[in-house]
1. State the volume of the convex hull built on the alpha-carbon positions of segment 69-136, expressed per residue in Å³ and rounded to an integer.
2. Give me the net charge for the shell around Met69: Cβ to Cβ below 13 angstrom, other residues only, Lys and Arg +1, Asp and Glu -1.
3. Using a simple spin-label model with points 7 Å from Cα along the Cα→Cβ vector, what separation in nm is obtained for Arg43 and Asp152?
4. Name the residue farthest towards the positive end of the dipole of the chain from the options Gly164, Val196, Pro71, assuming +1 on Cβ of Lys and Arg, -1 on Cβ of Asp and Glu, about the Cα centre.
5. Would you work out the relative contact order for segment 14-173, in percent, from Cα pairs under 8 angstrom that are 6 or more residues apart?
6. With viscosity set to 0.692 mPa s at 37 °C, what whole-number translational diffusion coefficient in µm²/s follows for segment 1-70 from Stokes-Einstein and a Kirkwood radius over Cα pairs?
7. What does the highest-first list of 103-116, 67-80 look like by mean Cβ count within 10 Å?
8. Mind jotting down a quarter of the surface of the convex hull over the alpha carbons of the chain, in square nanometres, one decimal?
Amino acid sequence: MELVFVRHGQPEWDRDGLAVDDPVLTEVGLTQARHLGSAFTGRPVDRLLVSPLVRARQTAMPVAEALQMEPEVLDWLPEIAAPVWQGTPSDLVQQAFAESRARPLDEQWDGLPGGESFRDFHQRITGGLDGLLGELGVRRLTEFPPVWQLDDPGPRVVIVAHAGTNAVCLGHLLGIEPVPWEWERFVSFHASVSIVRPVSISGVHSFSLFRFSDTAHLPEHLHTR
């Protein structure tokens, strides 16, 4: 089994000084996605899972073409939901983020006012991931240390999603206590690749991080965050 977590390419969060809630990729992001597709050419993959947000679906398109595979769009994969900011001046959005980061630690779990709380986000992502693992024949045996039972060697699954989504998945698989700023703890670059595999220990399995935020498939000038 191999779980390959891909972050989307660079999105166009700002258009003419106004915020965009579900942005398309920039020209840089589209180029990053094409390089990503080239990197997957000829690689054996069993399933391609994609967030329904536009930036993730655009990133996945070259990968799907390279793999000659139809992507599966899953509703639990989107990034943590922000307030509705479409058309809001971008400097006000940045001010809201700055004010949120300055709040007391225990309030960070509430997320941005008007958006999804981190508690709900974490439950959405880990619940979806556990459901996926169940489909793949993987069962968690203990909470800590987290060890798992695999019914068979398992498939290779590529997941094209977001910094926060992927970070929560990684923390859950590795048994790391969550914090409401996971995307800052697992800092991933646009169109980067992270790989998790199970390793056998004492007759059961533990998930191991083999690669994180790998951008070797991108030219240096396309390394963006």
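1. Values: hull volume 8.0 nm³, N = 68.
Expressed per residue, the convex hull around the Cα atoms of segment 69-136 is 118 Å³.
2. Numbers: positive: Arg43, Arg47, Arg156; negative: Asp46, Glu65, Glu70, Glu72.
Here the charged neighbours net out to -1.
3. 2.3 nm
4. Toward the positive end, the furthest listed residue is Val196.
5. Relative contact order here is 27 percent.
6. Details: Rh = 12.7 Å.
Estimated diffusion coefficient is 259 µm²/s.
7. Details: 103-116: 13.4, 67-80: 16.5.
Per-residue Cβ counts within 10 Å, averaged per peptide and sorted highest first, yield 67-80, 103-116.
8. 12.4 nm²
Read-outs: derived from the displayed coordinates by stated rules, not from any lab. Please read these numbers as outputs of a predicted model, since none were measured by experiment. A quick note on method: Cβ atoms are made from the backbone with ideal geometry, for glycine too, and the neighbour counts reach across all protein chains shown.
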